[in-house]
Every structure is written in C-alpha cells, then in structure tokens.
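Report on the following structure.
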Amino acid sequence: MLRSFSRANTKPEFLLQSKPRPSGGAITISLFSSAVAQNQASLTPITTTLLQKCNSLAQAKLIHQQLLVQGLYQDFTTRLVSAYLTHNAPSHSISLLERLTPSTSVVFCWNTIIRRSLRLGFSHDVLSLFRMMLRVHCPPDHYTFPFVLKACGELPSFRSGAAVHAVVSTTGFDSNVFVCNALVAMYAHCGELDDARQMFEEMHDKGICDIVSWNSIVAAYTQSRDAKNAVELFRIMMDDSEIHPDIVSLVNVLPACGSLGASLHGMQLHAFALRRGLFEDVFVGNALMDMYAKCRMIEQANKVFESMEVKDVVSWNAMVTGYSQAGRFEEALGLFEKMREEKIELDVVTWSAVIAGYAQKGHGYEALGVFRQMQLCGSKPNVVTLVSVLSGCASIAALLQGKETHCYAIKCVLNYDWNDPGEDLMVINGLIDMYAKCKSTNVARLMFDSVAPSDRNVVTWTVMIGGYAQHGEENDALKLFSEMLQEGNSMKPNAFTICCALMACAHLAALRFGKQIHAYILRNRYESVMLFMENCLIDMYSKSGDIHAARVVFDNMQHRNSVSWTSLLTAYGMHGYGEEAIKVLDYMRVPGFVPDGITFLVLLYVCSHSGMVDQGIRFFESMHTEYSVTPELDHYACMVDLLGRAGRFGQALEFVHSMPMEPTAIVWIALLSGCRIHGNVELGEYAAAQLQELSSENDGSYTLLSNIYANARRWRDVARVRSLMKYSGVKKRAGCSWVQGKKGTATFYVGDRSHPQFEQIYKLLADLIQRIKAIGYVPETNCALHDVDDEEKGDLLFEHSEKLALAYGILVSTPGVPIHITKNLRVCTDCHNAFTYISMIIDNEIILRDSSRFHHFKSGSCSCRGYW
C-alpha cells in the first residue's frame, strides 16, 4: 500500500461508516429527491454545491452513494475526485480515476494526486501513481512530467528518471521547455552532471532555453561544486541578449564565485545587482555576503550587511559564519550576542557557526558550553553541529564529552532509514577523528572498520591515517595507507592523506617509503596542491636523513611560501649545517619574505645546534629592534638552550630571571640539559627543583638529573632520583634504535637478542670494537650509569641499541650506501665516539637521528663537530 494513500483512513472503519447526523443526511437526500422530481437541470448546481460544501468524508461518500442510486455518477466523477482529495482520501480518488475514460479533466485529477504526494514527500508514491496513470492509458501532459521528474531527483533515482525521459521522448514532449527544464534539474540532482549538460545543450540547439533553463544548469554545477563551469556558463548567459539574469541567477552563481575566491567576478555581479535593482532582495544580499566572506573580504561583506534594509536570520548567520571562518572570532561572538539581545530567533546554522568557531580556535570547553545552551533553547542540532562539537572535543582531548556526543549521535542522528548516508558518514568521520585525537586509536579503528569499504570516502581514510601518524602509531598509519592504495580500491588519496603518510615517514625516518610516496605524487599529478605537498616532502626528507633530497625538492619548487623557507632552515639546523642555514636566510629576503616569529624560532634552534652562540644572540636582539617581532616563551627557551649548551650558565640564569613571563617546564629542562652536558651539578639541582615545583612529570627531566649525578659518581643521589620516579609513577622510556635494511626496518633494544641474526650481529660488533680500539677508541665508561666496575661498564656500553643497529646495518648494506639509524632518545657519548671511529674503517656513511638532531659520520668526523 502506498504511504500517501494509507494515511487517508486513519480512523476505524466503523467510524467512517457511521451514519451522518440525521439533519445533514436528511437534507442531502431531500435535496437530491426534490431535484430529481423537478428536472435534470436543477440537479447539477445542487450537486456541485453539495460537493463543494460537504465537510466530512462521510458526507462525500453519501453524495457519491446518491449519485450512484440516481444513475448520475458519470456526470460528477471529477468533482467527486476533488472532494475525496479535499478530505484526505486519495485511495477513493484513485478508484474513481482508474475507471474513467481519459480526458483533460481526468489528467488534471491525476496531476492533482501526483502533486499532493510530491508535496507530502512521498516520492516513491509519485512514481507508482505515474505507472498507474500509464497503465490505464491516461496520457500525461506537460504538467505531469515536471512533478514526476522532481520526484526522481529527490529520491534520487537516475534509473527511474531515465525511464521517464524515455516516456517524454515517445510522447512528444521533448521540445517542451517546462519538461526539459525538469529533466535538467532531475539529472543534476541524481549527480549525472554530464547528462544534465547534454540535455541543456540539446535545448540550446533547439532554441527553447529560457531563464529557468540557464538557472537550472548553473545551479547544477554550483551544487556539484564545479564552480569553474558554473561561473563560465553564467558569463555565456550574460552574453545572450535574449536572456536577462534574475534574482535566482545571482543566488545560484554567487556561491560559485565564493568557492573560487573569484572576488572580481563577485564584485561585478554586485554592481550588476545594483544596476538592475536586484540588490534590495534579501536573498541576493545574503548570497553576496556569503560570497565576500568566502573570498576573505569580510569588510566588504559587512558593508553589504549594514546596507541591507531587510535582514533575516540567514543574513545574520552569513556574517557570524564569515567572521568565524576568517579567524575573527571576537566579532563573530559579538554578532551572536547582538542577535540574542535583539531577540532574533537563533536557528541551527547560528549555533553551529559559533560552535565551529570555538572548535577551530581550540576552545573545546566553550564549544561544549554553547552546545548545551543550544539544547536548552530547544534547537535541534544537525550533522554540521555534531561534527563541530566532536572537533571541539578532539581539540582538548575531552574523551568523556566525546563519548557523550557519540551517544547523542546514536540516539538522534545515526542509523535512521531516512537519513542521507553521506551525512551519517560525516558524523562517523568526526567520531573517528575525535577518538584518534583523544588517543583512543583502538576505538577509532573499530569505528573505521564498522564502515563498509565501499562506503568509505577519502575523509574516512585520512582521519584514521592521520590519527595513527599523530599519536605514535606511525607503522599502522603507513600500513593503512598501503591498504588504501591496493588494487581494487578505487579511493584516491587527497593532499591531506598523503601529507599524513609523509608525516608518519618523517617520524619513523622511513626514507624508502617516503620516496615511494614522492613517486606516487609525481605519477598522479597533484598540481593544484603541489606547494602544500612539496613542503611536506622537504620535512620528510630532512627528518629521514636525506638533506640533499630536501634541497632538490626546494630548488625545483615553482612557488614557495614562508613554510617552504622555514622548512629548509629547520632541515639545515637539524643536520648541523648552520652556515648553510644563514645563507638560506639571505636568499629568503631577496624575494621579499620577512622573517616572522616562527622563522626566528628556527634560527635560534639552528644556532643552538651549530654552536653559533654570538650569532644566536644577535638574532634574538634583532627580533624586536629590526623586525618588530615580540619574543615569546619558546624564543626564551631556545636562548636558554643556546647559552646552556655553550656553558654560559651565568647568562642563561640571568636570561631566565629577566623573562617577561613566568618560566615554564620547557625553560628549566633546557637549562637542565645544559647542566648535564657540562656536569654542573649545583645548577642542575636548582633547575630540577623548579621543575618539581611546577609538578612536571616528564621522564626526561628525571633522567637528566640522574645522568648528572651518575657522571659525578654520586650513586646515592642516582638511587634517590630513581626511587622518586618509581614513587611518582614516572617510567623511563626504554632506549630503542631502528635501522632500514633491504627487507624492511629492524628494531633493537639494549642487549637485544631477539633478532634471527643476533649471533652474526654480536660477532660483527665485537670485531668492530676490537678494530677501533686498535686505532685509539677508548670506551667512555662514565656513560654506563650504574655503580659497577669499569669492565662491566664496558660490557653494558657494548650492548647499546644504536651499536646493535649499526652492526646490523653494516651486515645487510652494500658498501658505499648510507646507513640510516634512528634512536628515540639522545645518543650517548660513548656511542657517538664509537661511531666516529667506525666511520673510519667502513665505506658507508652513518646517518644517525636521535631525539635532538642528526649526526652524519663519515671518514672519522661528525657533522655536529662535537657540539651536541
């Protein structure tokens, strides 16, 4: 049974068949009897009047009954159909229509019933009615087809729409402008843009296009996010002297201008609207504001807003959203508050814009607060609202609130039959992102796996890969990225997906995998986002130890931005090439790039890791005097690190005390690190005490202090620090090193014997140690931080993870090929010394990345020049 018909008889049958009130029924029968007794001519106006004035389904049935009794049924069928429809009984109307001989009035009745089902949202019923109409050989007219085609588009059902198109062609309506316009709109709603364009071109060739035809095809391209074609078609329309763009035309094309950032076209349309007197329409004003906001011309959008005599809630929403997207959240919040003061009814768009603004600023708690206010006001959140709330939870790692939002989504949004699957997927993607950023990657993966592979979109893959890459599960990120690219999977990664994979490669120093991704980028031609990806490639190559490849990528860039220059500066600083970094700074100034706060942070880092102390001090002093950049906490921390590494503790401490803000843990850790390098126990204890006052639970600060005591052979203090760590629940990270071999990456821990080739590894390492001892290597026993004799300390140093990784790398590498090793902690002095000697007796360059920087060992020297 059709849904639009089944709602007719919602009352029990005995109520529908109950006798009418005696007075009404008696009057009706009396009128019929007297009309029949007098003459036939008086019956028509009486019956027509009765049908028009009957106020219930029961009375309509009674009149129907009397017409049958008097044998006058055929003369009043169409009026009876209308009466039944008036009283919400389409099934009775259908029963009548199926028995009638086709005529103009019968077609009109069919159209009325079809239009009713369409208005009620029963698109499937519209198609069923259309099939009934054809089955009883009632010919559709030019009013029928637009209703039916609109239903096909709303489903959407391309197959049904194409079938209706065939009926249009066979019945001779393929030159009717109303029907053809409906065909264009139907194909567009079904996502078949090529068919919509072909239909439009056929209309254009026949010369039957009107303004509705042009508006339909422009709207089709705009809704399909093909803004370029939408704007191009609008230009062609403007050149047609017979077509005059109207309000709908402007409202259709302005969003396309905004998507392209085509502010010039938008301003021309603004001028056109003013000339034609169309600007007074609130819809045009709203579209103009939205366009200017998307073009980052928020002041122009505000001028439009202020000049509008009539504003609706959409007008206010456009400005709130515009300010929010432009990063001017204070103004957005001000407008929001003004709306509340002026009693303007806030809708879901208003609330969502404010929640999204808070989420984008990282103010997750405020976003949640607005969400609660929204619910208290009775406004029902939509998909965009929920995605913004989940983003707010993710920004502050609010797992509990994220779970509450997940529950709300299950109860109120997800898993309903009438939902748009695309909207459900948006929420699921938001949930995956939230769980991943709250470090619940297992739950995020369960959410990911719950989506059928055929239903996943590129965002689904990206948020899961990015979640792994950003939270220390880089191997899982690269494994999932590989699955995405497998044969049979038609999903193509976008720029964000690829950059998440490159981030994972950078964290792991997975140079080989990074090169494969680089090759994929070149094969698949990502020109439109190449700048973004090239910046990621520079970062990946530099963090994977191939500084030369990073420079090649930089030199071959067609366009560069400040991120490109900063990435290269960071790369040189990380590898200890301070002089080259300063040259890059000079080159950077040539095209007009001005150093900003981030640039200076990188320069101070470069100087700190290259021993360029005086140069670093000059850079810091020039920040404010020459470039009007105010130093922030990170800049001060870099300066403390620079002075501490150089052993200038007096200056470093003076710097800490002169800071315009309270020093945080990062500053004291920088000072503590310098104390470890130079063995300054007293100042190290002072820095550690300050860290304890700040309740810093960083395992690195405990380890640094323990190392300071161990180097001073204060073993009781070492034991005290370790006991304090245990009491505080702070666990020291285990030292771990990994190296790339021919068949993948091998990982080693201290004293590791789990590798299948461990016997060969230990044998080769013992041979290497013997050979370098012969040329001057002496183990740095003070690096063995245990209270044991020197011989046992030598054995402990022998089993360090980086030495095992190097032995394996030599075992599996071809002579002359660089060996890339990565360690999760700072390399110890003894291993650094041993690597320097080993580089004298092997043909391979050793590239070691520790937690602080890169070391390139070659021919008995290191790129750090002993300054690390």
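So what is the calculated 222 nm ellipticity per residue for the chain, using -39500 (n - 2.57) for each DSSP H run with n of 4 or more, over all residues, to the nearest 500 deg cm²/dmol?
Value at 222 nm, helices only, nearest 500: -21000 deg cm²/dmol.
Can you give the Rg and Dmax of the range 291-404 based on its C-alpha atoms, in angstrom?
Over the range 291-404's Cα set, Rg and Dmax evaluate to 14.0, 46 Å.
Here are a few candidate values for semi-axes √(5λ) of the Cα gyration tensor in Å: [x] 64, 33, 23; [y] 75, 29, 28; [z] 48, 34, 26. Which one was actually calculated from the structure I just gave you?
Computed from the coordinates, semi-axes √(5λ) of the Cα gyration tensor in Å corresponds to [y].
Taking Cα atoms, how many degrees apart are the long axis of helix 530-543 and the longest axis of the chain, rounded to 10 and kept between 0 and 90?
It is inclined by approximately 30 degrees.
Please give the helix 383-395 orientation as an angle from the longest Cα principal axis of the chain, in degrees from 0 to 90, rounded to the nearest 10.
10 degrees
For helix 77-86, what angle does its Cα long axis make with the longest principal axis of the chain, in degrees from 0 to 90 and rounded to 10?
Compared with the principal axis, the helix lies near 40 degrees.
Using alpha carbons only, how many angstrom separate the centre of the range 798-828 from the centre of the range 700-770?
So the separation of the two Cα centres works out to 14 Å.
Size of the dipole of the range 736-862 about the Cα centre, Lys and Arg at +1 and Asp and Glu at -1 on the beta carbon, nothing else charged, in debye to 20?
Approximately 680 debye in magnitude.
With a cap of 16 neighbouring Cβ atoms within 10 Å, and only residues DSSP puts in a loop, list the trypsin sites (Lys or Arg not before Pro) found in the range 419-514.
Lys439
Going toward the positive end of the dipole of the chain, with +1 on Lys and Arg Cβ and -1 on Asp and Glu Cβ, which of Ala220, Ser861, Val443 do you reach last?
It is Val443, whose Cα lies furthest towards the positive end.
Using only the alpha carbons, work out the radius of gyration and Dmax of the range 670-744 in angstrom.
For the range 670-744, the Cα radius of gyration and maximum Cα-Cα distance read 14.6, 49 Å.
Could you compute how much accessible surface Met484 exposes when probed at 1.4 Å, giving the result in Å² to the nearest 10?
Roughly 0 Å² of Met484 is accessible to a 1.4 Å probe.
Cα centroid distance between the range 286-351 and the range 837-857, in Å?
Comparing the Cα centres of the range 286-351 and the range 837-857, I get a distance of 58 Å.
Which one of Met289, Val384, Ser622 is farthest out on the positive end of the charge dipole of the chain, using unit charges on Cβ (Lys, Arg +1; Asp, Glu -1) and the Cα centre as origin?
Of Met289, Val384, Ser622, it is Val384.
Would you please state the base-10 log of I(q)/I(0) at q = 0.19, 0.21 1/Å for the range 598-746, with intensities from the Debye formula using one equal scatterer on every alpha carbon?
-1.09, -1.22
Principal axis lengths of the range 566-653 from Cα atoms, whole Å, largest first?
Computed over the Cα atoms, the extents are 40, 28, 18 Å.
Lysine pairs, Cα distance under 24 Å, 8 or more residues apart or cross-chain: how many in the range 736-862?
Summing the qualifying lysine pairs gives 20.
Over what distance in Å are the Cα centres of the range 360-400 and the range 566-584 separated?
Between the Cα centre of the range 360-400 and that of the range 566-584, the gap is 42 Å.
Quick one: Cα convex hull volume of the range 231-359, Å³ per residue?
So the per-residue hull volume is 98 Å³.
Using Cα-Cα distances under 8 Å and only pairs 6 or more residues apart, what relative contact order does the chain have, in percent?
Rounded, it is 4 percent for the chain.
Rg and Dmax of the range 387-446 over Cα atoms: what are they, in angstrom?
When restricted to Cα atoms, the range 387-446 yields Rg and Dmax of 11.0, 33 Å.
Using the 2.2 N^0.38 Å rule of thumb for compact globular proteins, work out how the range 427-496 stacks up: its C-alpha Rg over that value, please.
1.00
Pick out, in residue order, every one of the trypsin sites (Lys or Arg not before Pro) in the range 324-405 that is DSSP loop and has at most 13 other C-beta atoms within 10 Å; say none if there are none.
Here the sparse-neighbourhood loop sites are Lys343.
Given points 7 Å out from each Cα along the Cα-Cβ axis, report the Asn475 to Leu274 separation in nanometres with one decimal.
With each label point 7 Å from Cα toward Cβ, the separation is 6.5 nm.
Would you mind getting me the FRET efficiency between Ser628 and Ser175? Use the beta-carbon distance for r and R0 = 60 Å, nearest 0.05.
Details: r = 69 Å, r/R0 = 1.15.
About 0.30, to the nearest 0.05.
Average the reciprocal distances over every distinct pair of alpha-carbons in the range 736-862, invert the result, and give the Kirkwood radius in Å.
14.5 Å
Could you calculate the contour length gain from Phe108 to Tyr686, that is, 0.36 nm times the residue separation minus the distance between their Cα atoms, to one decimal place in nm? If you can, show how the numbers build up before the last one.
Details: separation 578, 0.36 × 578 = 208.08 nm, distance 9.28 nm.
Full extension of this stretch gives 198.8 nm more.
Apply 1/(1 + (r/R0)^6) to the Cβ-Cβ distance of Ser861 and Ser490, taking R0 = 60 Å, and write down the FRET efficiency to the nearest 0.05.
So, using R0 = 60 Å, E works out to roughly 0.70.
The values are calculated or read from the model by the stated rules, or taken from the named source; none is laboratory data. No experiment lies behind these values; they were computed from the predicted model shown. Note that we place each Cβ from the backbone using ideal geometry, even for glycine, and neighbour counts take in every protein chain shown. Side chains included, ligands, DNA and RNA excluded: accessible areas come from the protein's heavy atoms. Shrake-Rupley method; radii C 1.70, N 1.55, O 1.52, S 1.80 Å.
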